[in-house]
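One structure below.
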Amino acid sequence: MDDIKQIIAKNITSLRKSTPLTQAELAEELNYSDKAVSKWERGESIPDISVLKQLADLYGVTLDYLIEEDHTNSDCIKTSVAAQQKKNKKIITLLAISVVWLVATILFVSIGLYAQDVSNLWVIYVYAVPCTFTVLLIFNSIWGNRRKNFLIITLLIWSVLTSIYLSLLSYNIWLIFVIGIPSQIIVALWSRIQFEKH
């Protein structure tokens, strides 16, 4: 049994370092603590089968890869493909965010060319900020970690309130930020709900 623990520990460590994720980042991906990942990598404990399956899926390898000492070149290729897929997801997310700022710039220039008064056009960029957080929330919900969604939702709430406040600055509606307090409490409570791990 100690042999299998050490083999799994070695394989998890080498896969993690190939991406390169820290133990904390891997733990966050799996919804575990970094202490648990550290124990797995030292061979002090073995993740249960569902976590091994998550690890195999995350790195694009088979369950056999995680429990076998000898690996073929095809296994290494799968690992590099998984790393490239993760990189591609980040690039796609950044491209989508860039499109938001491109649209804001096109609006700024288009309206600026025909408007008599351009003093308030900066508000277009203010509204690009919550749009950016919306795009981040969408892509993180598809590919990312559930825990990050709560941070993104928090930033989205406060950026929307700030955008409304700045666009209506002449009306002195600072009380709008009070809406953020119960909203933040809801997000904080929602983040504490434990969902079943698949």
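The values are calculated or read from the model by the stated rules, or taken from the named source; none is laboratory data. Remember, predicted model here, so these are calculated numbers, not experimental data. All Cβ positions, even for glycine, are placed from backbone atoms using ideal geometry, and neighbour counts span all protein chains on display.
Applying the selection to region 41-56, what residues are among the acidic types (D, E) and surrounded by fewer than 18 Cβ atoms within 10 Å (Cβ to Cβ)?
E44, D48
In region 159-191, how many residues are in contact (Cβ under 8 Å) with a residue 24 or more places away in the chain and not aliphatic (A, V, I, L, M)?
Matching residues across region 159-191 total 8.
If I ask for residues that are buried (at least 17 other Cβ atoms within 10 Å of the Cβ), in a loop (DSSP other than H, G, I, E, B) and at pLDDT 80 or above, which ones from region 58-84 would you list?
V61
Just to be sure I understand, how many residues within region 1-31 are crowded, with 18+ Cβ neighbours inside 10 Å and more than 30 Å from L151 (Cα to Cα)?
Result for region 1-31: 3.
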